[in-house]
Amino acid sequence: MKKYWFIIGTGSGIGKALAEYLLQDACVVHGISRHNTIEHPDFHFHALDLSDAQAVAAFTFPDCSDADELAIIYNAGTLGAIEYVGAQTAEHIQSAYQINCVSAHILFNTWINTFGDRSAIKMMAAISTGAATYPYDGWSIYSSTKAALLMLCQAIAKEQEIDQRDISVYSIAPGVVDTDMQKSIRSVSESQFSKKDKFVELYEKQALRKVLDVAPAIVDIMRTKRGSGEVIHRIT
């Protein structure tokens, strides 16, 4: 069985852990990111700056004509500037929307256009967050872009009910994971984010989830929930 998985954002964190886990499962993994940190005969790296709108629009997926299983996970994301509205810059707002939302929409569109009519098992997912449905002060950029990504997944799933291309669509929130994003959250002042202490406490109590635990849980959801019509999932 030929399994091709496209992971957007494989440079570190959850994306890298996903790629390495899938490689152990005899998958061919295509990593799409700015930098490559993985060396494996079945790993194919595609350099792409997700903040570059023209480069994202021009990106094409390889043919994968012998695929029995095709999947894409949009894992890339940026916290953006943790600042109250009124103190943000236009550059920070535009960049985060491009990375977290616009590039995801474009790449999902290209992926469905490329593989939508294939007879293979087809799955697509975006990594979500509790902040997509709950407002945190200072996180307006991150929350708004992730909320848009959540709705994008729901809209694609609704279209699959009508279009019947048999693509399973997921929005998966992995919880609070020990990544570089968490370091950024802990580094801001309370004037930028009033609940900073909550995240510091999680770190000090070693309550953050590990990427090596989260990655297999994401893949398991995508495979076991296929065809269920359930879009929104939270790893507990």
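Structural remarks
- Test: LEU18 is open to solvent by less than 50 Å² (accessible area, probe 1.4 Å), of a type in the set (A, V, I, L, M), under 12 Å from VAL211 (Cβ atoms) and in contact with a helix residue (DSSP H, G or I) (Cβ under 9 Å, 6 or more places away or on another chain): yes
- Residue list for the stretch 49-60, restricted to those being surrounded by 13 or more Cβ atoms within 10 Å (Cβ to Cβ) and hydrophobic (A, V, I, L, M, F, W, C): LEU50, ALA53, ALA55, VAL56, ALA57, PHE59
- Qualifying residue in the stretch 67-76 (condition: exposed (fewer than 14 other Cβ atoms within 10 Å of the Cβ) and either touching a strand residue (DSSP E or B) at 6+ places or on another chain (Cβ under 6 Å) or over 20 Å from ALA215 (Cα atoms) (or both)): yes
- Neighbours by Cβ (under 8 Å, 6+ apart or cross-chain): first from the stretch 187-206, of a type in the set (D, E, K, R); second at pLDDT 90 or above: GLU190/ASP197; LYS195/TYR136; LYS195/ASP137; LYS196/ILE185; LYS196/ARG186
- Filtering the stretch 160-214 to residues that are at pLDDT below 95 and hydroxyl-bearing (Ser, Thr, Tyr) leaves THR179, SER184, SER187, SER189, SER191, SER194, TYR203.
- Taking the stretch 115-126 as the range and being in contact (Cβ under 8 Å) with a residue 40 or more places away in the chain and either open to solvent by less than 40 Å² (accessible area, probe 1.4 Å) or out of contact with any strand residue (DSSP E or B) (no Cβ under 7 Å at 6 or more places or on another chain) (or both) as the test, the residues that pass are PHE115, GLY116, ASP117, ALA120, LYS122, MET123, MET124, ALA125, ALA126.
- Counting only residues that are within 17 Å of ALA47 (Cα to Cα) and polar (S, T, N, Q), the stretch 101-117 holds 2 of them.
- Pick from the stretch 1-13, criterion of a type outside the set (A, V, I, L, M) and closer than 17 Å to ASP68 by Cα, ranking: farthest from the chain's Cα centre (by Cα): LYS2
- Every listed requirement among (1) over 13 Å from the mean Cα position of the chain (by Cα); (2) open to solvent by 20 Å² or more (accessible area, probe 1.4 Å); (3) within 25 Å of GLU91 (Cα to Cα) is met by HIS46 save one, (3).
- Within the stretch 127-139, if we keep just the residues that are in contact with a Phe, Trp or Tyr (Cβ under 8 Å, 6 or more places away or on another chain) and not in a loop (DSSP other than H, G, I, E, B), the residue that is surrounded by the fewest Cβ atoms within 10 Å (Cβ to Cβ) turns out to be ALA131.
- As a summary of the residue check, LEU107 satisfies the conditions (1) closer than 26 Å to ARG223 by Cβ; (2) open to solvent by 30 Å² or more (accessible area, probe 1.4 Å) except for the one numbered (2).
- Contacts under 6 angstrom Cβ, first residue in the stretch 14-34 being farther than 17 Å from ALA67 by Cα and touching a residue at least 12 places away in the same chain (Cβ under 8 Å), partner of a type in the set (A, V, I, L, M) and open to solvent by 60 Å² or more (accessible area, probe 1.4 Å), 6 or more apart: ALA17/LEU212
The values are calculated or read from the model by the stated rules, or taken from the named source; none is laboratory data. Remember, it's a predicted structure, so these values are computed and weren't measured experimentally. Methodologically, a virtual Cβ is constructed for each residue, glycine included, from the backbone with ideal geometry; neighbour enumeration extends over all protein chains shown. Each accessible area value is taken on the protein alone, full model and side chains, heavy atoms only, with ligands, DNA and RNA left out. Shrake-Rupley method; radii C 1.70, N 1.55, O 1.52, S 1.80 Å.
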